[in-house]
């Protein structure tokens, strides 16, 4: 048994990264791009600031991942009509086409992680993880 919550989170993260990269290699999608694709799928579009804030990542990471997704043809950006300094990011037709595959891989990973737990245990785990994330983001 791991004695450190950091070690456990790290182990889950690295295993997830390895799994997603293997499963999504055919689409040339990296683990850092997945949250942006899914956010844009759910919101239909967002500016870089919104993506940065909602995913709790830094501006440089957001910019780098968006550039990769643009180069791959999965997202596009256009000038925000309301704020000329900002860009609106949205999925392209190709980006929308890969979403079912990304969702399938994410669903399989979640099912794998929660295998063997009862419905009540799964709910408790997800609720506890949400609280842990909130504590991490807002310093408790």
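The values are calculated or read from the model by the stated rules, or taken from the named source; none is laboratory data. Please read all numbers here as calculations on a predicted model, not as lab measurements. With ideal geometry, Cβ positions are generated from the backbone for all residues, glycine too; neighbour counts draw on all protein chains shown.
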In this structure, does residue 117 turn out to be surrounded by fewer than 15 Cβ atoms within 10 Å (Cβ to Cβ), more than 24 Å from residue 23 (Cβ to Cβ) and at pLDDT 95 or above? no
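Can you tell which of 99, 36, 125, 70 is part of a helix (DSSP H, G or I) and more than 25 Å from residue 15 (Cβ to Cβ)? Step through it out loud before you land on a result.
Values: 99 fails: more than 25 Å from residue 15 (Cβ to Cβ); 36 fails: more than 25 Å from residue 15 (Cβ to Cβ); 125 fails: more than 25 Å from residue 15 (Cβ to Cβ).
Only one candidate qualifies: 70.
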Counted residues, segment 97-140 - those being touching a strand residue (DSSP E or B) at 6+ places or on another chain (Cβ under 9 Å) and farther than 22 Å from residue 35 by Cβ: 0
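Quickly run through segment 102-116 and pick out the residues that are in a helix (DSSP H, G or I) and farther than 17 Å from residue 68 by Cβ.
103, 104, 105, 106, 107, 108, 109, 110, 111, 112, 113
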Residue check for residue 7: crowded, with 17+ Cβ neighbours inside 10 Å and in a helix (DSSP H, G or I): no
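Going through segment 67-79 one residue at a time, which ones are buried (at least 16 other Cβ atoms within 10 Å of the Cβ) and either in contact (Cβ under 8 Å) with a residue 60 or more places away in the chain or under 14 Å from residue 45 (Cβ atoms) (or both)?
So in segment 67-79, the residues buried (at least 16 other Cβ atoms within 10 Å of the Cβ) come out as 68-69, 72, 74-77.
Within segment 67-79, 69, 74, 75, 76, 77 qualify.
Here's the yes/no breakdown for (1) surrounded by 15 or more Cβ atoms within 10 Å (Cβ to Cβ); (2) in contact (Cβ under 8 Å) with a residue 60 or more places away in the chain; (3) in contact with a helix residue (DSSP H, G or I) (Cβ under 8 Å, 6 or more places away or on another chain); (4) at positive phi:
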residue	(1), (2), (3), (4)
12	no, yes, yes, no
25	no, no, no, no
29	yes, yes, yes, no
65	yes, no, yes, no
81	no, no, no, no
95	yes, no, yes, no
Taking segment 73-96 and keeping residues more than 15 Å from residue 36 (Cα to Cα) and in a helix (DSSP H, G or I) leaves 93
